[in-house]
Amino acid sequence: MTSTTTSTATSTTHRHTASDLFTQALRYEHRADPYPHYEQLLRQPVVRMDDGTWLVSGHREISLLLRDPRISADRLPPEHQRPIRKSLLVEDPPRHDQLRRLVTQQFVPRVMGMRDHIDALVTGLLDAHTGDRPGQLDVVADLAYPLPVTVICELLGVPREDESLFGSLARRLTRGLDPIDTQTEDEIRELLAARAELQQYLEGLIARHGAAAPGDDLLSGLMHGQGPDGPMDPVDLRVTLGLLLIAGHETTVNLIANGTLALLRHPEALARLRTDPDLATPLVEEVLRYDPPVQMSGRSTLADIDVSGTTIPKGSRIRLLLAAGNRDPRRFADPSRFVPDRPDNAHLGFGGGIHYCIGAALARAEAGIALTALARRLESPRLVADPPPYRENAILRGPERLPVSFTRLVPDAGGA
């Protein structure tokens, strides 16, 4: 009896501590560096917070849960879900598997062989700013944002003149991923309006594609698919396009910006990348571990699940703190240090299990090419502000702006 009482009291103390630490980590004043709070949360890798949500921060625990079929990708337990068509991001098998198969069959072949095109886009984006702002570049506005937007719009079949539409829409929509208690009433109204705008645009885009001859873009492929699953129905098509348009560039914006920030804070890594472009591959993986663009993910339980000696009951909401798992000292040596060629880097930057990021290969290519070009072409680059101003988003975390000064933009080797 005494043992049970002591255990309950200890658990209660930890719950309050975890809730406070998590709340502090989400506050905007800690956006530039939430990691000290994550480090403290790792002391108890599975804990129930004051609102009943279970917070999981350990690398091993997150990895197991991401692959557990008793976990639902929907953040709401089944009894609280609404009967609406959901994206594959929050769907479970077998429906998730069908949707993912349809997208993969059309997406992956189109991504293969894009490196030269991405490289040309990066070159053009940097060259465009050689003369208008000598000595300074906003890495977010001038490179990290326009690159993945252009690529995903080209892949999907979005007209070039419509690309600018997704800047404001994406920012408004991704704010909705953050916990509801961190959003103002105005932001919630803005989110609902943005969803309606995106739906209206996508319905028009689908209608225009349906009235025209099939093209070689992803939208045409999904509309006229001839595989075993056939074409995607119009509602699923709209939901899937919305997911790919937003997720297809927002995370990559942060990946490139966070990678640039890491390089400029670690000049020895920048110097190595400048002379060894092969370093880009492991370096991008280390950015995904050290400062991931997606900090956390939500799930719910379909059954009681035992994790590291703790039972998470059926019907519970779970928050997987991916960024904390990436700094878990039980999995990574010296986890707070940026090691550009870190071996055995099994990070959680792209999630895991059946919901592993479908665009991971594309994001890796875009980030690797962009970071290598910045290292090679910016002479004596320096951060204008450190830390830079950050976006409001706590989950999709990255700089709002990243101004970098330099003495000279070196001509591209291919065009010199």
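Any idea what the alpha-carbon Rg over 2.2 N^0.38 Å comes to for the range 25-175?
Taking the Cα Rg and dividing by 2.2 N^0.38 Å, one obtains 1.40.
Which percent of the accessible area of the range 303-416 is formed by carbon and sulfur heavy atoms (probe 1.4 angstrom)?
52
What FRET efficiency would be calculated for the residue pair residue 333, residue 211, taking the C-beta separation as r and a Förster radius of 45 Å, to the nearest 0.05?
Numbers: r = 58 Å, r/R0 = 1.28.
According to the calculation, E is roughly 0.20.
Give me the distance in nm between label points sitting 7 Å out from Cα along the Cα-to-Cβ direction at residue 203 and residue 95, one decimal.
Label at residue 203, label at residue 95, 2.0 nm between them.
Kirkwood Rh over Cα pairs of the range 145-291 into Stokes-Einstein at 4 °C, 1.567 mPa s: D in µm²/s?
Working: Rh = 17.6 Å.
It diffuses with D of about 74 µm²/s by this estimate.
5 Å is the cut-off here: which amide hydrogens, built 1.01 Å from N in the peptide plane, fall below it relative to residue 378, excluding neighbours closer than 5 in sequence?
Counting only residues 5 or more places away or on other chains, the set is 410.
Taking the Cα-to-Cβ direction at residue 306 and at residue 164 and moving 7 Å from each Cα, how far apart do the two end points lie in nm?
So the two model labels end up 6.0 nm from each other.
According to a simple spin-label model (label point 7 Å from Cα along Cα-to-Cβ), what is the distance in nm between residue 278 and residue 189?
5.8
Work out from phi, with θ = phi - 60° and the Karplus expression 6.51 cos²θ - 1.76 cosθ + 1.60, the ³J(HN,Hα) of each residue of the range 303-308, listed in order in whole Hz, and give x for Gly and Pro.
Once θ is set to phi - 60°, the couplings for the range 303-308 become 7, 5, 10, 8, 10, 6 Hz.
Please list, in chain and number order, the residues 5+ apart from residue 315 or on another chain whose amide H is under 5 Å from its amide H, with Hs placed from the backbone.
So residue 315 has HN proximity to 301, 302, 303.
Kindly write out, for the range 203-219 in residue order, the coupling ³J(HN,Hα) from the Karplus curve 6.51 cos²θ - 1.76 cosθ + 1.60 (θ = phi - 60°), rounded to whole Hz, with x marking Gly and Pro.
After applying 6.51 cos²θ - 1.76 cosθ + 1.60, I find 4, x, 4, 5, 5, 5, 5, x, 7, 9, 5, x, x, 9, 8, 5, 4 Hz.
Which of the trypsin sites (Lys or Arg not before Pro) across the range 276-346 are loop residues per DSSP, with 12 or fewer other Cβ within 10 Å? Working shown, then result.
Details: sites: 289, 299, 314, 317, 319, 327, 330, 331, 337; in loops: 314, 327, 330, 331, 337.
Filter output for the range 276-346: 330, 337.
Might you tell me the accessible area per residue for the chain, computed with a 1.4 Å probe and given in Å²?
Roughly 45 Å² per residue, with all protein chains present.
Quick one: what are the phi-derived ³J(HN,Hα) couplings along the range 245-261, Karplus 6.51/-1.76/1.60 with θ = phi - 60°, whole Hz, x for glycine and proline?
Working through the residues one at a time gives 5, 7, 5, x, 10, 4, 5, 5, 4, 5, 4, 5, 5, 5, x, 4, 4 Hz.
Give, rounded to the nearest 20 debye, the magnitude of the charge dipole that the chain has about its Cα centre when Lys and Arg contribute +1 at Cβ and Asp and Glu contribute -1 at Cβ.
740
Calculated from DSSP H runs of 4 or more alone, at -39500 (n - 2.57) each and per residue, what is the 222 nm mean residue ellipticity of the chain, nearest 500? Working shown, then result.
Numbers: 14 runs with 198 residues, N = 416.
Calculated from helices alone, the mean residue ellipticity at 222 nm is -15500 deg cm²/dmol.
With the full set of protein chains in place, find how many percent of the accessible area of the range 160-228 is carbon and sulfur; take the probe as 1.4 Å. Could the numbers behind the result be given before it?
Working: 2080 of 3860 Å².
Answer for the range 160-228: carbon and sulfur cover 54 percent of the accessible area.
Compute from the Cα atoms of the chain the Rg and the Dmax, the latter being the longest Cα-Cα distance, and quote both in angstrom.
So, for the chain, Rg and Dmax equal 21.9, 78 Å respectively.
In a shell of Cβ-Cβ distance under 12 Å around residue 40, excluding residue 40 itself, what net charge do Lys and Arg (+1) and Asp and Glu (-1) give?
Result for the neighbourhood of residue 40: 0.
What is the set of long-range amide H partners of residue 398 at a cut-off below 5 Å, with H atoms built 1.01 Å from backbone N?
When sequence neighbours closer than 5 places are left aside, the close amide H contacts are 391.
Let me check I've understood the local charge: for residue 241, count other residues with C-beta under 13 angstrom from its C-beta, Lys and Arg +1, Asp and Glu -1. What total comes out?
Numbers: positive: 85, 208, 238; negative: 162, 203, 217, 233, 236.
Local charge sum for residue 241: -2.
The values are calculated or read from the model by the stated rules, or taken from the named source; none is laboratory data. Being a predicted model, the structure only gives us computed values, none of them experimental. Positions of Cβ are generated from backbone atoms using ideal geometry, with glycine treated the same way; all protein chains shown enter the neighbour counts. The area values use the complete protein model at the heavy-atom level, side chains included, leaving out ligands, DNA and RNA. Shrake-Rupley method; radii C 1.70, N 1.55, O 1.52, S 1.80 Å.
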